[in-house]
Amino acid sequence: MIPEIGHFSLLLCLPLALVMAVVPLIGVAAKNIVWMRFASTLAIMQWVLLFLSFLALSYSFFIDDFTVKLVTLHSNTALPWYFKLSAVWGNHEGSLLLWVFILASWTLAVGLASSSIPLVMKTRVLSVLAMISVGFLAFIIFTSNPFDRSLIMTPSEGNDLNPLLQDIGLIIHPPMLYIGYVGFSVAFAFAIAALLEGRFDAEWARWTRPWTNIAWAFLTVGIALGSWWAYYELGWGGWWFWDPVENASLMPWLAGAALVHSLSATEKRGVFKSWTILLALLAFSLSLLGTFLVRSGILVSVHAFASDPERGLFILAFLFIVVGGSLLLYALKAPIMKGGAVFALISRENLLLINNVLFAIALTVVLLGTLFPLVSTALDLGSYSVGAPYFNAMFAPLGLLTVFIMGFAPFIAWNRFTLLKQQSRQWILHLLLAIFLAMLLVSGLSHQYVADFNFLAFFIASLCLWLAVNTLSHFFFRIKHGGLSFHSLSQLSLSYYGMVIAHIGMAVMILGIGITSIYESQKDVRMAISDNVSINSYRYQLSEISSVTASNYDATRASVNVYHDSAGEPSRLITTLYPEKRFYRASRNMMTEAGIDASLSRDLYVSLGEQLEPGVWAVRVHVKPLVRCIWLGAILISLGAILATFDKRYKRSSAARSEPGLGSPSNH
Amino acid sequence: MISRLKLFAPLIIFSVIAAVFFRLENRMVSGEYDPSMLPSALIDHPIPEFSLPALSTERLLTNKDLPNQAYIINVWASWCISCRVEHAYLNALSQKGVAIIGLNYKDRPLDALQWLERLGNPYQFNLSDLKGQLALDLGVYGAPENYIVGADGIIRYRHVGILDDNVWRDKIVPLGLSW
């Protein structure tokens, strides 16, 4: 009965979303306020229905209702309850339901939170969101019904959730990622509404920015979680693989990064309007493209869901309507860039333009690398492959150039910047300071990890520290300027704090990536009990192998003591790590679970391999300096993006003051 | 007017990409294209000529070194996570006596050797294809990828992606090769 309620609510949503996509827009055309207001009511109803539907599916997983096919295929009575719940989105149908539920939640948020936005704009935004909802609801209902039953032959046990997905990181990774992906639909809807209305002013940008920032922040966290999960769960010590599905999430992220910055230029200076609109359309289009690539079976990837060409055609048709339609609208209605520069060569506008160009290049690199093999196959040019080496070679210079330019960001004013002698002297000083600190850092690392002084590491560290030093010094200058007090701290706008934190996050992340890639070391060894292996000054000792039994797997667990040896001192036990090799009973899968001692300066990482002969095991040990900085940086970036949305000027009251009349088009 | 035309550029680029997707999808639906199957070009053809160093000894190997029985060419790399998932099954196959030749693809030889030491070595030998020359001739899409070759040296089947028990039973056993 419960699954039927869920199914029925889901079915009911489709006509509801259809009405929401059409009627309020007719209201806009007919200037009928009641019909326009109807959109918000429908948004609430849609959310309630989808919430019920999602609840029903979760309940079916929770109580092991094996009459529901999806539960049989992806769950098991022996799973702990939290994995039963996360199994809901560990498959194609359920994750799609989560997708539309999140879309409905964003729609609801827009409906409730945007009382300051003119009714016409808000109505159009809600209707566009409803159109997207129609597409996805139809997709679920007609091709991927999660509530399908098998009442005649009900199995007594399920197939189990893929053991790779039985992990805390994977419980939260997909929802975060989807909140980000789907969140771009709001920026997309705002862009469409702007195109329909011919309104691209600063206010439009101000309404769009908070939504975009939040979506982008969630996407950042989602991607970082995926990378963190791969790091400890795959037992390989890698944190990014340039897998097509990872690329699919990176593309909207890059477009979002460009959009977040482009929006600020549009808001503050009224420039780059067509860029901003295009990026808003692109960010969501690329999210849809990602969905298509993952679910159509067109790409081969470990992440890919069980695929079905019919589903692929459906998403493709939907993708074509949404993206093609919006780009056509863009071509017809986007504001034409006026010739002649209105800002000086060195100005924040130009800096943001460079930022847009750099992110656009990075986006193209990923898009080409991911799609080129497909394109060449489709055109019978033969198959080509593009691997991690291509991406690394392209991304390293792009990333470093971005970091270097970001160093200037806080100093360069809008419109015009005159380089004072004092300023250039300050920058040279900062650069020297950064180089000095980088020298210290890299010498320290070389000493610690008994390696040569690495000039590439030194170069990367100098650039990252340049960014950090510049950003911090600007921050302290601003504080000092206003007098060092709580009052002066609160005088700075939250979006300024956001920028500072996010840019430092970027410096931290790139530093982590660079240093880890260069200074990590690893050894693969055969170990018997009480054997030792040393990396630099760390000594790993296999002390014990034991068996562990959990509710749904059996594991072999090694205890590895890690000592720190240094000359002239007795060796000191740092920690004991417990890497595991798990055998999942229901799905008969082997998984590794790495043992990690994490700290800000380095990770000690052990994973247990095959048993080579009785009592002897293959073991891989790593030392990874600064690897945590990668995720710490990502957290700072998203924190900065979130903080900026709480800026006073996005608050309802202040926005309401300057609210223009009902939908007056102001074409700039 | 010209600037208005410029705004059509994203639409045109997207249309080209969408056309490619439609073509691929249509071929998938009609069964002509399966991302895990070889484009017809190389099936029923011999392995392309190659001369590559062996992974462990760096001795140059050519087509003459290939086995005289049915075998699998497995394309892998230590940077490839899917390969790691696949590896245990390859070990099992080689224990059953199936001949597997590794094509170590765009990898650092040291990493590759460490991988084999740690996870076991199911390969009769490994070709080290640093620049991806043979991979290019074979039309490798990415790692992992598997080419099923008959005793006569003719490619019979290609599987893109992880080789597992299902693929073995459903796709490879029906080829009727004697392993």
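Rule-based calculations on the coordinates, nothing more; no lab input. In this text, all values refer to a predicted model and were calculated from it rather than measured experimentally. Cβ placement follows ideal geometry from the backbone for every residue including glycine, while neighbour counts extend to all protein chains displayed.
Within 10 Å of each Cβ of A:392-402, how many other protein chain Cβ atoms are there on average?
0
Could you tell me the distance between the Cα centroids of the range B:106-179 and the range A:217-289, to the nearest Å?
About 34 Å separates the Cα centre of the range B:106-179 from the one of the range A:217-289.
For the protein assembly as shown, what is the calculated [θ] at 222 nm in deg cm²/dmol (nearest 500), taking -39500 (n - 2.57) for each run of four or more DSSP H residues and dividing by its residue count?
It comes out at -19000 deg cm²/dmol, rounded to the nearest 500.
What is the range A:500-551 by shape, rounded, prolate or oblate, if you read a ≥ b ≥ c off the alpha carbon gyration tensor as root eigenvalues and call it rounded for a/c under 1.5, prolate for a/b larger than b/c, and oblate otherwise?
oblate
Sequence-distant or interchain residues sharing an amide H contact under 5 Å with A:Thr77, placed H: which?
For A:Thr77, the qualifying residues are A:Gly158.
Hey, can you grab everything whose amide H is under 5 Å from the amide H of B:Glu145? Only 5+ residues off in sequence or another chain; H modelled, so Pro and N-termini drop out.
B:Val75, B:Gly161
Taking Cα atoms of the range A:226-279, Rg/Rh with Kirkwood Rh, to two decimals?
With Rh from the inverse mean 1/r over Cα pairs, Rg/Rh is 1.25.
Using the C-alpha atoms of the range A:88-222, what convex hull volume per residue, in cubic angstrom, is computed?
122 Å³
For chain A, calculate the relative contact order in percent as a whole number, restricting contacts to Cα pairs under 8 Å that are 6 or more residues apart.
Relative contact order for chain A comes out at 13 percent.
Can you bin the range A:118-196 into rounded, prolate or oblate? Criterion: square roots of the alpha carbon gyration tensor eigenvalues sorted a ≥ b ≥ c, rounded for a/c under 1.5, prolate for a/b above b/c, oblate for the rest.
Since a/c reaches 1.5 but b/c is at least a/b, the shape of the range A:118-196 is classed as oblate.
Kirkwood Rh, Cα Rg: Rg to Rh for the range A:537-640?
1.06
Name the GluC sites (Glu not before Pro) in the range B:74-160 that are in a loop by DSSP and that have at most 12 other C-beta atoms within 10 Å, would you?
none
Please say if chain A is rounded, prolate or oblate, where rounded means a/c under 1.5 for a ≥ b ≥ c the square roots of the C-alpha gyration tensor eigenvalues, and otherwise the choice is prolate for a/b larger than b/c and oblate otherwise?
It comes out oblate by the Cα gyration axes.
When N is the residue count of the range B:123-173, what does its C-alpha Rg come to as a fraction of 2.2 N^0.38 Å?
So the Cα radius of gyration is 1.21 times the expected 2.2 N^0.38 Å.
Using each residue's phi in the range A:608-624, evaluate 6.51 cos²θ - 1.76 cosθ + 1.60 at θ = phi - 60° and report the 3J(HN,Hα) Karplus result to the nearest Hz, with x for Gly and Pro.
9, x, 6, 7, 7, 7, x, x, 10, 10, 7, 10, 10, 10, 10, 10, 10
Neighbouring Cβ atoms within 10 Å as the yardstick, rank A:Arg572, A:Arg526 fewest first.
Ranking A:Arg572, A:Arg526 by Cβ neighbours within 10 Å, fewest first, gives A:Arg572, A:Arg526.
Starting from 0.36 nm per residue, how many nanometres of slack lie between A:Ile346 and A:Ala451 once their C-alpha separation is accounted for?
Gain on extension, A:Ile346 to A:Ala451, equals 33.7 nm.
To one decimal place, what Kirkwood hydrodynamic radius in Å is obtained for the range A:29-167 from all pairs of distinct Cα atoms?
Computed over Cα pairs of the range A:29-167, the Kirkwood hydrodynamic radius comes out at 16.5 Å.
Over its Cα atoms, what ratio of radius of gyration to 2.2 N^0.38 Å does the range A:49-118 give?
Rg over 2.2 N^0.38 Å, computed on Cα atoms: 1.36.
Between 0 and 90 degrees, rounded to the nearest ten: what's the tilt of helix B:109-119 against the longest Cα principal axis of chain B?
Rounded to the nearest ten degrees, it is 60.
Checking understanding here: applying a Kyte-Doolittle mean of at least 0.0 and a length along the axis of at least 27 Å (C-alpha), which whole DSSP H helices in chain A pass?
A:2-30, A:33-62, A:92-113, A:119-143, A:168-197, A:202-233, A:244-269, A:273-295, A:348-378, A:421-448, A:455-481, A:494-519
Taking amide H positions as placed 1.01 Å from N in the peptide plane, with prolines and chain starts having none, which residues 5 or more places from A:Gly609, or on another chain, fall under 5 Å of its amide H?
Here the answer is A:Ala618, A:Val619, A:Arg620, since their amide H atoms fall under 5 Å of that of A:Gly609.
Mind sorting B:Lys64, A:Lys624 by how few other Cβ atoms lie within 10 Å of their own Cβ, fewest first?
Ascending number of Cβ neighbours within 10 Å: B:Lys64, A:Lys624.
Just B:Asn26, B:Asn121, B:Asn63 to compare: in a GNM of chain B, with alpha carbon springs under 10 Å, which one fluctuates most?
Taking springs between Cα atoms under 10 Å, the residue moving most is B:Asn26.
Please report A:Ser156, A:Ser446 as a ranked list, fewest other C-beta atoms within 10 angstrom at the top and most at the bottom.
Placing the least packed residue first, the sequence is A:Ser156, A:Ser446.
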